[in-house]
Ligand SMILES: [Zn+2]
Ligand SMILES: [Zn+2]
């Protein structure tokens, strides 16, 4: 009795790490290895088709570092790579030709860490993409349509898609990761004062130039201390500076100083931490209970 199971024979061989091309095998026999952790690098596949039938096969390989290669169609075409040490990771096979619609090609890969994955058929993908897992073994058959080799619940193909990098959410209200511009504004626009001498953000050029240095320090200090930081004063317009009795040309008038209170930490502890972390100048006011940060120079010093 002739072989009734297979009208069309698949004849294929695998190219395996350290071994090279293996023997030609047929109709579902393994063409690679299992349990040896050897990567399959390429395979060749041809069909033995009875006289009078026209069925051909398109072959495609997904290879480490290269991705999907161009499809190949000829009996001797190599699907994958040889001599480059790259693992085959996924494949796609599809029948075509005048009589292709009567038949289905079935294929499955044995993959590192996964074992035999499910059988896949015409035009589907088998193996993995994006997981850096090597295929190690391969089986291929062609049947008349109407037979399915799929096992319920077994995955035949997995693709890990790297999520696109999200644009950071730019919130115009936020000066840094933890601090809003409103917290840093001049007392002129704060509800509790509302002096109205400025719009809250005087010296726009100096703000752009100088504020990021302190905002970065505040964000880092916030994470370093793991505690809420209350900004009691950052920018002061000239009038506010006079009102609060600040020294002339105070760093506070040029976006170069910030006064903070950190509940749970003494003014000295806050100053020492900020200076250690960033090298900024840090003055602590024991009597008033706050810490003033400014450009490097003064180190950590006590102001009564
Ligand atoms: Zn003001
Ligand atoms: Zn200050």
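Readers should treat all values here as calculations from the given coordinates under stated rules, not as data from a laboratory. In this text, all values refer to a predicted model and were calculated from it rather than measured experimentally. Glycine gets a Cβ as well: all are built from the backbone with ideal geometry, and neighbour counts include every protein chain shown.
Can you put 91, 105 in order, fewest other beta carbons within 10 Å first?
By the 10 Å Cβ count, ascending: 105, 91.
Rounded to the nearest 0.05, what FRET efficiency is calculated for residue 298 and residue 204 with R0 set to 35 Å and r the Cβ-Cβ distance?
0.85
Would you please state the base-10 log of I(q)/I(0) at q = 0.09, 0.11, 0.13 1/Å for the chain, with intensities from the Debye formula using one equal scatterer on every alpha carbon?
These q points yield log10 I(q)/I(0) values of -0.59, -0.66, -0.82.
For segment 187-251 and segment 14-47, what is the separation of their C-alpha centers, rounded to whole Å?
70 Å
Considering only DSSP beta bridges with both partners in the chain, what is the antiparallel share in %, to the nearest 5?
The answer is about 90 percent antiparallel.
Compute the Cα gyration tensor for segment 1-102, then decide on rounded, prolate or oblate, letting a ≥ b ≥ c be the square roots of its eigenvalues: rounded whenever a/c is under 1.5, prolate when a/b is larger than b/c in the other cases, and oblate in all that remain.
Oblate shape, in that a/c is at least 1.5 and b/c is the bigger or equal ratio.
Please give the Cα centre distance for segment 106-139 versus segment 90-104, rounded to the nearest Å.
Comparing the Cα centres of segment 106-139 and segment 90-104, I get a distance of 18 Å.
Given a Förster radius of 30 Å and the C-beta distance between residue 147 and residue 18 as r, what FRET efficiency does 1/(1 + (r/R0)^6) yield to the nearest 0.05?
It comes to 0.25.
Cα axis of helix 267-278 to longest principal axis of the chain: angle in degrees, 0 to 90, nearest 10?
50 degrees
When the chain is treated as a GNM, springs tying every alpha-carbon pair under 10 Å, which of 125, 93, 84 comes out with the largest mean-square fluctuation?
In the Gaussian network model the winner is 84.
Contact order normalised by length for segment 35-129, with contacts defined as Cα pairs under 8 Å and 6 or more residues apart; what percent is it?
With pairs under 8 Å counted, the relative contact order is 27 percent.
Using the alpha-carbon atoms, what tilt in degrees (0 to 90, nearest 10) does helix 204-225 show relative to the longest principal axis of the chain?
70 degrees
Using 7 Å Cα-to-Cβ label points, what is the residue 84/residue 190 separation (nm, one decimal)?
Distance between the two pseudo-spin positions: 6.4 nm.
Over the chain, calculate the relative contact order: mean separation of alpha carbon pairs under 8 Å at least 6 apart, over the residue count, as a percent.
For the chain, the relative contact order is 11 percent.
How much of the DSSP beta bridge set in segment 181-303 is antiparallel, as a percent to the nearest 5?
Taking every DSSP beta bridge with both residues in segment 181-303, the antiparallel ones total about 75 percent.
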